[in-house]
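Before any comments, here is the structure.
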Amino acid sequence: MRSRIDMPRLKYDTLKADWIALNGLKHTFEGTKQHTFYFDTLKLDDLNFKPTDLSKKQIKMQEMNLSELDDLIETQERTGNDPTITLIEYDSRYAFAFTSLIVVLFGLPISANRRKGGLAVQVGISILVTFIYLVFMKVSQAFGKNGAMDPLLTAWFANIIFTAAAAISIYKVRH
């Protein structure tokens, strides 16, 4: 560490796009020596964010819309942070839109096949399959968040597996 600034207030000059520290101390370190000076105002050139970036950090990813998530991903990449978790959330929003279709495709062969037990058993099996699908989706997201899978593949993995299983089930019912 070469220097440190302590200040009770920080303001943003919107016209000049500069951060200004107010009524503080600047500590400069050179080897074992420390120099301290007081200031009323100090322009900070090396802060690469805006007040809107700070307010965005207060919002949870689950509460953001797609354009806010896209902005967050861009900010994370620009600042050198890992955007993997945000990318998974972003891609999962699109993948989750297909959940109903996949569950219906999976449930079609179950409902078309007449078995003992009637409608209640078929509804129970459909609910079980939906539950397994959602659990599988969350487990694949956990693998992606740990870096074991690509974010795009993580978001779509459950859809790919269950769409393939639904296609096989539909094929078997037809033959």
Can you pull out the strands (runs of 3 or more DSSP E) entirely within the stretch 1-70 that have at least 1 residues that are of a type outside the set (A, V, I, L, M) and out of contact with any strand residue (DSSP E or B) (no Cβ under 7 Å at 6 or more places or on another chain)?
-> 18-30, 33-44
Residues that are surrounded by 11 or more Cβ atoms within 10 Å (Cβ to Cβ), over 21 Å from T79 (Cα atoms) and among the aromatic types (F, W, Y), drawn from the stretch 1-47 = F29, F39
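On the basis of being assigned to a helix (DSSP H, G or I), within 21 Å of E89 (Cβ to Cβ), without any contact (Cβ under 8 Å) to a residue 60 or more places away in the chain and touching a helix residue (DSSP H, G or I) at 6+ places or on another chain (Cβ under 9 Å), does I160 make the cut?
Here the answer is yes, as I160 does meet what is asked.
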Every residue from the stretch 7-33 that is among the β-branched types (V, I, T), at pLDDT 90 or above and under 33 Å from the mean Cα position of the chain (by Cα) = I20
Out of all the residues in the stretch 74-88, which are in a helix (DSSP H, G or I) and either acidic (D, E) or more than 28 Å from the chain's Cα centre (by Cα) (or both)?
-> E74, E77
If you scan the stretch 89-146, which residues turn out to be part of a helix (DSSP H, G or I), among the small types (G, A, S) and under 30 Å from Q76 (Cβ atoms)?
-> S92, A95, S140, A142, G144
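To keep it simple, each residue is scored yes or no on (1) touching a Leu at 6+ places or on another chain (Cβ under 7 Å); (2) closer than 19 Å to I85 by Cβ; (3) in the same structural domain as Y94 (by TED's automatic domain parsing); (4) modelled with pLDDT under 90.
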| position | (1), (2), (3), (4) |
| --- | --- |
| V129 | no, no, yes, yes |
| V135 | no, no, yes, no |
| A148 | no, yes, yes, yes |
| F157 | no, yes, yes, no |
| A166 | yes, no, yes, yes |
| I170 | yes, no, yes, yes |
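Listed here are the residues, each with its yes/no results for (1) polar (S, T, N, Q); (2) within 21 Å of M149 (Cα to Cα); (3) outside the structural domain of L152 (by TED's automatic domain parsing).
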residue: Q58; (1), (2), (3): yes, no, yes
residue: L66; (1), (2), (3): no, no, yes
residue: T75; (1), (2), (3): yes, no, yes
residue: T99; (1), (2), (3): yes, yes, no
residue: I110; (1), (2), (3): no, no, no
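The values are calculated or read from the model by the stated rules, or taken from the named source; none is laboratory data. None of the values given here were measured: they were computed from a predicted structure. Counting neighbours? That spans all protein chains shown, and the Cβs are built from the backbone with ideal geometry, glycine included.
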